[in-house]
Amino acid sequence: MTEDFIGMCYPTTCYNCGKMADQEISASSSRAEVVCANCGATRIFVPRFEEPAAPGEFAPIECYDVWDLLTDATCKNCHVTGPHRLIIGCRNFSTHCENCDYTHFFRFDVEYIPDRDGPKDTQ
Ligand SMILES: [Zn+2]
Ligand SMILES: [Zn+2]
């Protein structure tokens, strides 16, 4: 099962092109990504299996605002379609089912900027 269970757009200022643009957010069990609809800047996140010590651990290492979003999705765990909370920063991505508290954690893996310099690996 690899189909996306999260799919939404969040209009905000892109960290790459600096324009207000939809950021297309998608997530499946095996991967999550955020793509700028304007410049195509893509961030890929992969699952991380360690439990973060606390939700507050997300904050200090971020390079820009953490997005705290709600979207409807069908939970992989309880199979209820309802609100899921997305916490997205430049290093972390998590989805949290508001019904059963099931949480997926992802960590930043690679960034791809399509124009100018071509593919760029920031690791
Ligand atoms: Zn952009
Ligand atoms: Zn659930």
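Every number in this text was worked out from the coordinates using simple rules, so none of it is lab data. All of these numbers come straight from a predicted model, not from anything done at the bench. Positions of Cβ are generated from backbone atoms using ideal geometry, with glycine treated the same way; all protein chains shown enter the neighbour counts.
Site pair residue 99 and residue 31 shows an inter-label distance of 2.7 nm when each label is modelled 7 Å from Cα along Cα→Cβ. Sequence-distant contacts, meaning Cα pairs under 8 Å at least 6 residues apart, place the relative contact order of segment 6-112 at 22 percent. A DSSP coil position with no more than 15 other Cβ atoms inside 10 Å describes the following chymotrypsin sites (Phe, Trp or Tyr not before Pro) in segment 1-51: 49.
Ratio of Rg to Rh for segment 6-112: 0.95 [Cα atoms; Kirkwood radius as inverse mean 1/r over pairs]. Ranking of 110, 35 by neighbouring Cβ atoms within 10 Å, starting from the fewest: 110, 35.
Under a 5 Å amide H cut-off, with hydrogens placed 1.01 Å from N, residue 92 pairs with 108 among residues at least 5 apart or on other chains.
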